[in-house]
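The values are calculated or read from the model by the stated rules, or taken from the named source; none is laboratory data. All values reported here derive from a predicted model rather than from experimental measurement. Glycine gets a Cβ as well: all are built from the backbone with ideal geometry, and neighbour counts include every protein chain shown. These accessible areas exclude ligands, DNA and RNA; they are computed on the full protein's heavy atoms, side chains included. Shrake-Rupley method; radii C 1.70, N 1.55, O 1.52, S 1.80 Å.
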Amino acid sequence: MKTTIFTFLLGLLLLTGSVAQDIYHGPKAGNLFTKPAEKSFMQAFDDKFKADFDTKAQYEKARATNVDEWEMSLFNARKAQAEFYKSYPQAGDFSDAFKKYTESVIRWNYWHLMLAYPILRGNAQTTQTKVMSLPEVMLDGFDEAKANDADALAAEPYRNFLLYYVTYFNSRARGFLKYTQEDINKSLGDKATYAKQHLTGAPYQYALARLLLENYDKVAPSSVRAVYNMLTATPNSAAYAEAVKARIGDVMNKKDEPVVAATTPKQRNIPPNTFTFTNLKGEKVILDDFKGKVVYVDFWASWCGPCRAEFPFSKQLHERLTDKQKEKIVFLYISIDDKEPTWKNALNALQLIGEQGWNPGAAQYFGIPSIPRYMLIDKKGQIIDGNAKRPSSGDAILQDMLKLAEG
């Protein structure tokens with residue numbers, strides 16, 4: 001996907017036919033940019049706001065930013081873009097088509113990145129069983145009646161929006177439960193069905209084509225063929241269908257892999273009296289599994305108010321780490337809740353970032369009189385501090401972790 005908004009569309013103008021062969025580039029935009037005022041605006045807007053439309057960079061930022069900061073950054077960016085557009089000295093010379101395009105770029109980049117946020121975070125947090133839901137107040141300004149807008153397809157942000165619109169609201173319809181490995185083949189069909197129920201015409205066709213290209217390698221070939229058939233069943237879909245087939249036709253021609261019955265996990269030879277905990281997959285894990293990394297252990301429980309009060313600070317610490325540092329430092333949350341379902345229900349609500357574990361006897365094993373309690377383990381697997389500083393200590397605990405990671 002392009003990271004600029006206007007240079008991409010200028011390239012589209014050179015294409016012939018009603019649909020570009022690469023469906024990421026959508027349909028031909030039409031002759032929007034013939035006026036000098038429009039061309040000068042395009043260049044000035046792109047120079048000023050290029051970073052706002054760099055999807056790769058924005059997605060990385062989303063993964064490292066809390067939702068309130070993310071929404072505010074998008075709000076401020078949209079406001080600045082709109083003010084620049086409305087106050088442009090030669091705005092009176094813009095054609096109606098150009099105005100429509102520019103307004104679509106501004107509006108849909110905001111909603112594309114807003115709806116992408118929980119999906120990107122959910123994909124990154126593989127231990128979580130639910131996708132986070134956006135606070136309803138953040139969706140107050142979303143007008144679903146405007147989501148089906150064939151005229152906006154010329155704008156790349158709108159095309160990106162369609163993918164995350166279908167993905168997020170299909171997730172909401174499922175109670176934000178993630179697809180498990182056992183039901184993953186339903187995911188593509190469910191999203192396509194949601195698109196069929198809420199989109200029509202060219203936006204619906206584009207949404208199906210984009211869903212196919214984004215998900216064909218995650219589901220069985222039969223699931224891909226079923227959604228492809230939904231696409232070809234729509235009128236005037238040949239161009240999209242041909243573009244999809246050119247990319248993934250070999251996958252659609254394959255047979256489904258035979259379903260392999262689930263096997264019982266192999267029993268591990270864990271030495272007696274070794275501390276273990278259960279992860280979200282139901283596997284037994286020991287602390288030595290993290291050797292080679294610094295481990296910051298957080299002992300907590302769903303009923304512990306002070307534990308919950310520290311979680312935002314833990315998140316801030318994690319977000320302050322560079323990608324390289326995150327490879328060396330593990331945030332490990334071990335719940336001492338009495339019952340496993342209680343622990344998992346709390347996790348779904350809290351959306352903690354890091355490794356998750358459950359052992360009701362952890363406090364007794366380590367002689368912990370009260371929680372929250374924190375522990376620092378070095379790269380050799382040795383407990384360096386059995387009563388480490390709290391996340392709310394900020395720089396103090398961060399420096400302790402970094403010192404161990406760099407040592």
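Taking helices (runs of 4 or more DSSP H) that fall entirely within the stretch 118-234, which contain at least 2 residues that are over 18 Å from the mean Cα position of the chain (by Cα), assigned by the TED database to the domain that holds S104 and of a type in the set (G, A, S)?
185-198, 201-215, 221-232
Filtering the stretch 328-375 to residues that are in contact (Cβ under 8 Å) with a residue 24 or more places away in the chain and acidic (D, E) leaves D337, E340, E355. Taken together, the residues in the stretch 281-329 that are under 13 Å from E355 (Cβ atoms) and either open to solvent by 60 Å² or more (accessible area, probe 1.4 Å) or of a type in the set (D, E, K, R) (or both) amount to 6. Taken together, the residues in the stretch 330-346 that are hydrophobic (A, V, I, L, M, F, W, C) and surrounded by fewer than 20 Cβ atoms within 10 Å (Cβ to Cβ) amount to 2. Inside the stretch 34-51, residues that are open to solvent by 40 Å² or more (accessible area, probe 1.4 Å) and closer than 21 Å to L74 by Cβ make up a count of 4.
In the stretch 4-33, the qualifying residues are those that are under 17 Å from K100 (Cα atoms) and modelled with pLDDT of 50 or more, and the one that is most open to solvent (accessible area, probe 1.4 Å) is N31. Reported count of residues in the stretch 187-234, each being closer than 19 Å to L153 by Cβ, open to solvent by less than 30 Å² (accessible area, probe 1.4 Å) and small (G, A, S), is 4.
Do we find that D149 is acidic (D, E) and open to solvent by 40 Å² or more (accessible area, probe 1.4 Å) in this structure? Criteria not met by D149. Only residues that are open to solvent by 90 Å² or more (accessible area, probe 1.4 Å), modelled with pLDDT of 95 or more and within 18 Å of D140 (Cβ to Cβ) were counted across the stretch 52-91, and they come to 2.
If the requirement is being at pLDDT below 95 and under 30 Å from A349 (Cβ atoms), which of these qualifies: K186, K191?
K186
If you go through the stretch 157-183 and keep only what is of a type in the set (V, I, T) and farther than 21 Å from N109 by Cβ, you end up with just T180.
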